[in-house]
1. Within the stretch 1-53, track down each residue that is more than 22 Å from Ile63 (Cα to Cα), basic (Lys, Arg) and in a strand (DSSP E or B).
2. For the stretch 44-77, name all the residues that are open to solvent by 70 Å² or more (accessible area, probe 1.4 Å) and under 15 Å from Leu113 (Cα atoms).
3. What are the residues in the stretch 78-124 that are open to solvent by 100 Å² or more (accessible area, probe 1.4 Å) and assigned to a loop (DSSP other than H, G, I, E, B), if any?
4. Being touching a Leu at 6+ places or on another chain (Cβ under 7 Å), touching a residue at least 12 places away in the same chain (Cβ under 8 Å) and either closer than 25 Å to Lys26 by Cα or not acidic (Asp, Glu) (or both) narrows it down to one residue among Gln105, Gln91, Gln122, Gln85; which is it?
5. Which residues, counting only those in the stretch 9-43, are of a type in the set (Phe, Trp, Tyr) and surrounded by fewer than 14 Cβ atoms within 10 Å (Cβ to Cβ)?
6. Please go through (1) in contact with a strand residue (DSSP E or B) (Cβ under 9 Å, 6 or more places away or on another chain); (2) under 22 Å from Ile12 (Cα atoms) for Leu104 and return the number of the only condition it doesn't satisfy.
Amino acid sequence: MNTPNEIYKRLIRVIPNLYSIKESGKSEAPSFIDFNLDILQRKGDVLRIAISHYYKHPSGDMIPDPDMEVMVNRKTETAEALTYQDTYGYQEVYSEDGYCNKSLQHSLNEFLLMWLNNLYEQGHKIE
C-alpha cells in the first residue's frame, strides 16, 4: 500500500470538496465530537491543512484531541502528516533545518489513515 496515496483517498472521502473550501469547514456527526478543517496555506495544487477534534475541559479550555497538520498535493494525489498535537504534547515530522524523522512520519501517517477511516465510518463529511 502506498500510504500517502491512501491518506489522500481517505481524506477526499471525508472532505470531497477540499480544494474549493475557502478557509475552514466543520462536520457534526450525532454522538461524536465535531470534526474541524482549517486551510493554513495554498500553493497551487499543494495545501497545508489542519484537521482536528476539540473537546471542552471542565476549566473551559478547548483541548485538541487530536489536531494534525497535513500536506495535501492534488497533482500527485498524496497527503502526509506533518504535525500531531493532543492533550499530552506536540510532535513535528520535519525539524526547522529540514530533517525528517522517518519513524515519527510513519507512525503519524498510520494514525492519520486510521483516524480518517474512523471519521468516514462515523458519518463525518465536510462539504
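The values are calculated or read from the model by the stated rules, or taken from the named source; none is laboratory data. Quick caveat: nothing in here was measured; it's all calculated off a predicted structure. Glycine also receives a Cβ, built like all others from the backbone with ideal geometry; neighbour counts cover every protein chain displayed. Quick note on the areas: whole protein, heavy atoms, side chains included, nothing else; ligands and nucleic acids left out. Shrake-Rupley method; radii C 1.70, N 1.55, O 1.52, S 1.80 Å.
1. Once the filter is applied, which keeps residues that are more than 22 Å from Ile63 (Cα to Cα), basic (Lys, Arg) and in a strand (DSSP E or B), the stretch 1-53 yields Arg42, Lys43.
2. The answer is Glu77, and nothing else.
3. Correct list: Tyr88, Glu96, Asp97, Tyr99.
4. Just a single option satisfies the conditions, and that option is Gln91.
5. Our first condition is that a residue be of a type in the set (Phe, Trp, Tyr); within the stretch 9-43, this holds for 19, 32, 35.
Answer for the stretch 9-43, where residues must be of a type in the set (Phe, Trp, Tyr) and surrounded by fewer than 14 Cβ atoms within 10 Å (Cβ to Cβ): just Tyr19.
6. Result: Leu104 fails condition (2) only.
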